[in-house]
Amino acid sequence: MMKKALITGVTGQDGSYLAGLLLSKGYEVHGIKRRSSLFNTDRIDHLYQDPHDRNRRFILHYGDMTDTSSLQRVIQDVQPDEIYNLAAQSHVAVSFEEPEYTADADGIGTLRILEAIRILGLAAKTRFYQASTSELYGKVQEVPQSESTPFYPRSPYAVAKLYAYWITVNYREAYGIYACNGILFNHESPVRGETFVTRKVTRGLARIKVGSLDTVFLGNLDAKRDWGHARDYAEMQWLMLQQQSPDDYVIATGEQHSVRDFATMAASKLGIQITWRGRGVEERGYDTSGKCIVAVDPRYFRPTEVDTLLGNAAKARQKLGWQPRTSFEELVTEMVNSDLEAAERDALVRNSGYRVLEHHE
Ligand code: NDP
Ligand code: GDR
């Protein structure tokens, strides 16, 4: 029998990698997407299958994490063997602007799915993966962070994800649902959302390289993260649901870099050498001609910041046999190359007299 998986957040970065992986493993893959006024399926268009194709294995359903009835309807219709709950308002800075919505979608949304599994009588059948996060560690209590490190969330996003983490553990213990938390450290890719810092840097510097942007404005350059590749992390999400018993796992590379390091490396891949001068809000990055290409703008500072994250994924290595395959340098190179190609394409279009729409953040 072909296994059925349901992915919430299928249109996001991780959803697109996971859907591709599960299709390659022979699953019938169902995804929940929310209605938007513009197309929002760019990241999964390469997986699209004609609805008239009787043998299609990739099927999308409308639904929303804040809408119980749509979630219940889809889960009842699909009767999935596995649910991957990836949908979330996932931007930490935005969660300070929309704290209540973030709590609803990221916290209560997770409860809605677990309740659907329970009341539809699927507790013994449907395995559940929750996209938990290193943001739970927030103000870190221990270095590096493992499954036993205490949580100290530092944003409305992280507090909502803390609820989601514990309700997942609770439904596992209370109702015997095979439910797991993947505590994933930051993971990036060429399809990372444009307003997360890595993509903002690679996209901005690529446009500087082709002459269509002067300066990238960033927030805290001292923040340190453990950055991996989303493709590697999707494989682990699947592995967690294939074990004998459910558990929670940290997924990380064990290597840490600052935002400044990331920008320096990305620039060097474009043949630009950055020299950093000044401190705090005065800090600037200059190219060899003396032009300012990176500047700090306090508008990107957060009311409470997570200064440093570094993961210890020893348990995942031991129990799941998982380890990351992509190095930091390979990750940066792949993102830079992809954004350079897009910047060159846009510059060509613009230089031919067409208008290119610019998006700012
Ligand atoms: P993205 O922001 O790229 O994708 C989020 C997805 O959730 C999108 O498909 C989005 O839809 C969907 N979504 C948002 N709100 C709703 C809603 N109310 N109802 C239905 N769908 C909704 O995130 P990532 O792919 O990077 O991350 C996946 C998950 O993993 C998230 O839960 C995130 O919090 C978590 N996480 C991510 C990490 C990372 O470094 N990437 C690390 C640790 C955890 P749309 O496309 O329409 O916006
Ligand atoms: P993060 O990712 O908050 O770790 O959450 P993000 O890339 O937004 O920020 C990382 C660090 O960089 C600093 N920073 C900036 N961030 C943004 N977005 N824009 C800037 O201009 C900028 N300048 C500096 C931030 O202050 C921060 O310290 C991501 C999300 O994917 C979450 O959903 C996920 O749970 C965590 O990773 C693990």
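Here, each number is a calculation from the coordinates, and none is a lab measurement. Note that the structure is a prediction, hence the values are computed from the model and not measured. Cβ: placed from backbone, ideal geometry, glycine included. Neighbour counts: every protein chain shown.
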Relative to the first principal axis of the alpha-carbon coordinates of the chain, what is the inclination of helix 68-78, with its axis defined by its Cα atoms, in degrees from 0 to 90 and to the nearest 10?
70
Can you give the alpha-carbon Rg of region 2-110 over 2.2 N^0.38 Å, where N counts its residues?
1.07
Nearest 10 degrees, 0 to 90: what angle lies between the long axis of helix 109-119 and the longest principal axis of the chain (Cα atoms)?
20
For region 1-40, what does the equivalent ellipsoid look like in terms of its semi-axes, each the square root of 5 times an eigenvalue of the Cα gyration tensor, given largest first in whole Å?
21, 11, 7
Isotropically averaged projected area of the chain, using the convex hull of Cα atoms (one quarter of hull area), nm²:
19.0
Euclidean distance of C-alpha centroids, region 121-159 and region 174-221, integer Å
19
Can you give me the convex hull volume of the Cα atoms of region 57-138, divided per residue and expressed in Å³?
108
Run the helix sum for the chain: -39,500 (n - 2.57) per DSSP H stretch of 4+ residues, divided by residue count, reported at 222 nm to the nearest 500 deg cm²/dmol.
-10500 deg cm²/dmol
Rounded to the nearest 10 degrees, the helix 328-351 long axis (Cα) sits at an angle to the longest Cα principal axis of the chain of 70
Which one of GLN49, GLY63, SER16 is farthest out on the positive end of the charge dipole of region 1-87, using unit charges on Cβ (Lys, Arg +1; Asp, Glu -1) and the Cα centre as origin?
GLN49
Cα-based Rg and Dmax for region 254-298, in Å, come out at 11.0, 36
May I ask you to sort CYS180, CYS292 by Cβ crowding, counting other Cβ atoms within 10 Å and putting the fewest first?
CYS292, CYS180
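I'd like the antiparallel share, as a percent to the nearest 5, of DSSP beta bridges with both residues in the chain. Kindly include the intermediate steps, with their values, before the conclusion.
Values: 8 of 42 bridges.
Counting DSSP beta bridges with both partners in the chain, the antiparallel share is about 20 percent.
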Search the structure for amide H atoms under 5 Å from the amide H of THR326, placed 1.01 Å from N in the peptide plane, and list their residues when 5 or more places away or on another chain.
HIS229
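What area, in nm² and to one decimal, does the C-alpha convex hull of region 97-147 cast on average over all directions? Please report the intermediate quantities before stating the final value.
Details: hull surface 20.5 nm².
The orientation-averaged projected area of the Cα hull of region 97-147 comes to 5.1 nm².
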Using a Gaussian network model of the chain whose springs link C-alpha atoms within less than 10 Å, name the residue from LEU122, LEU114, LEU162 with the highest mean-square fluctuation.
LEU122
Along the principal axes of its C-alpha atoms, what lengths does region 97-248 span, in descending order and rounded to whole Å?
58, 31, 28
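Average projected area of the Cα convex hull of region 103-179, in nm²? If you can, show how the numbers build up before the last one.
Numbers: hull surface 20.0 nm².
In nm², the orientation-averaged hull projection of region 103-179 is 5.0.
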Would you look at the GNM of the chain, springs on alpha carbons closer than 10 Å, and say which of GLN237, GLN130, GLN256 moves the most?
GLN256
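If each residue's Cβ is checked for other Cβ atoms within 10 Å, how do LEU270, LEU86 rank with the fewest at the top?
Values: LEU270 18, LEU86 26.
Lowest count first: LEU270, LEU86.
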For region 144-230, what is the convex hull volume of the alpha-carbon atoms per residue, in Å³?
136
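For region 39-132, run through the chymotrypsin sites (Phe, Trp or Tyr not before Pro) and keep only the ones in DSSP coil with at most 16 other Cβ atoms within 10 Å of their Cβ.
Values: sites: PHE39, TYR48, PHE58, TYR62, TYR84, PHE96, TYR101, PHE128, TYR129; in loops: PHE39, TYR48.
Of the chymotrypsin sites (Phe, Trp or Tyr not before Pro), the ones in loops of region 39-132 whose Cβ has at most 16 other Cβ atoms within 10 Å are PHE39, TYR48.
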Percentage of Cα-Cα pair distances in region 232-334 greater than 17 Å, rounded to whole percent?
65
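For region 120-226, run through the GluC sites (Glu not before Pro) and keep only the ones in DSSP coil with at most 13 other Cβ atoms within 10 Å of their Cβ. Let's see the in-between values first.
Numbers: sites: GLU135, GLU142, GLU147, GLU173, GLU188, GLU194; in loops: GLU142, GLU147, GLU194.
Listed in order of number, the matching sites are GLU142.
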